[in-house]
């Protein structure tokens with residue numbers, strides 16, 4: 001089969017990511033083999049190629065979001081997954097027996113690995129075939145396309161976890177969605193509106209700002225302007241926001257904290273502009289601010305998101321679909337942030 005493989009770290013993916021012929025994997029007893037029809041890009045794919053912030057197994061196949069058809073089922077598979085089923089991946093590989101897993105917090109499992117990022121060698125979604133434990137696949141309804149499923153899986157699950165599980169959003173709250181034009185932002189806007197929240201989104205240019213409004217955001221500001229946070233204050237009549245949905249990091253974090261109402265919540269799942277920041281601690285204790293972290297989510301959360309997609313209430317947004325022969329260009333485009341929505345590759349199309 002064909003797979004996108006890299007064998008060393010490099011800042012330029014074009015220098016190391018190559019389409020190679022490798023053996024088609026054989027599923028273990030508790031696994032299923034999937035013919036990959038669509039695979040979406042995430043920022044952790046770049047982290048893997050760069051070798052930052054962590055080193056990952058080599059040689060490596062990236063890709064945590066796939067959708068495709070089950071072509072083989074291991075002899076010990078006990079669920080109702082069978083050959084011919086249309087499925088998408090749940091990328092949290094956990095022990096499933098520890099206290100955290102059995103209390104519904106598999107995202108906190110001490111042995112958790114993100115499939116397609118921390119796994120290997122040669123185990124990820126950017127390939128014509130891949131294998132996953134039966135507990136890490138979710139069936140798709142017929143009206144959910146492979147490309148839509150791949151595009152929403154990781155970002156949808158994470159956004160749901162951030163807003164619903166961690167921040168516990170409620171109707172009528174004002175939610176600030178940072179980076180509204182990203183995959184994470186697009187999912188966040190739609191989930192917040194699903195809960196009848198007032199949404200203020202940020203984006204980096206006029207085109208993305210317009211598209212955020214089309215998605216359902218009530219207001220949008222340009223976070224590349226130095227006074228972006230003052231514009232948010234004006235929109236809220238200087239009252240601030242109830243929830244900040246954060247994944248940008250260093251360049252905006254202090255302003256985000258300052259924008260919270262008394263008792264407000266900031267929930268963070270990333271830091272694409274840098275990991276170190278400072279805040280005025282008076283905002284923390286005088287205002288009773290809640291600072292929450294979030295990573296990934298639950299299988300139930302992902303199943304819920306896929307269900308909302310099937311009902312047309314959450315709509316995946318795809319910026320680009322690339323044939324597998326040109327899939328490395330997706331890494332470049334994602335690093336440049338010149339996109340609105342997800343990038344998807346189609347491994348069966350060369």
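Every read-out reported here was derived from the displayed coordinates using simple, explicitly stated rules and does not represent laboratory data. These figures come from a predicted structure and were not determined experimentally. Glycine also receives a Cβ, built like all others from the backbone with ideal geometry; neighbour counts cover every protein chain displayed.
For the reader, a short list of remarks on this structure follows.
- Fully extended contour minus Cα-Cα distance, from residue 250 to residue 350, at 0.36 nm per residue: 32.1 nm
- Percent of Cα-Cα distances greater than 16 Å, calculated over the range 183-232: 34
- Spatial separation of Cα centroids for the range 114-164 and the range 205-273, in angstrom: 28
- The range 183-197 versus the range 15-37: alpha-carbon centroid distance in Å: 33
- For the range 287-350 versus the range 56-78, the inter-centroid distance based on Cα atoms is 18 Å.
- DSSP bridge orientation in the range 3-105 - percent antiparallel, rounded to nearest 5: 100
- Cα shape, the range 157-293, gyration tensor, a/c 1.5 rule: rounded
- Rounded tilt (10° steps) of 206-215 against the dominant C-alpha axis of the chain: 80
- DSSP finds beta bridges in the chain, and of those with both partners inside it, around 55 percent are antiparallel.
- Estimated [θ] at 222 nm from DSSP helical runs (n ≥ 4, -39500 (n - 2.57)) normalised by residues in the chain, nearest 500: -7500 deg cm²/dmol
- The overall shape of the range 107-150 is oblate: from the C-alpha gyration tensor, with semi-axes ordered a ≥ b ≥ c, the ratio a/c is 1.5 or greater and a/b is no larger than b/c.
- Considering only the Cα atoms of the chain, their convex hull presents on average a projected area of 16.8 nm².
- Subtracting the Cα-Cα distance of residue 258 and residue 58 from 0.36 nm times their residue separation leaves 67.8 nm of extension gain.
- Counting neighbouring Cβ atoms within 10 Å and putting the fewest first, the residues 163, 339, 292, 260 line up as 292, 339, 260, 163.
- Relative exposure of 245, 229, 275, judged by other C-beta atoms within 10 Å (fewest first): 275, 229, 245
- 0 to 90° range, to nearest 10: angle between helix 146-160 axis and the chain longest Cα axis: 40
- Neighbour counts of C-beta atoms inside 10 Å place 50, 160 in the sequence 50, 160, starting with the fewest.
- Between 0 and 90 degrees, the angle of helix 183-194 with respect to the longest Cα principal axis of the chain falls at about 60 degrees.
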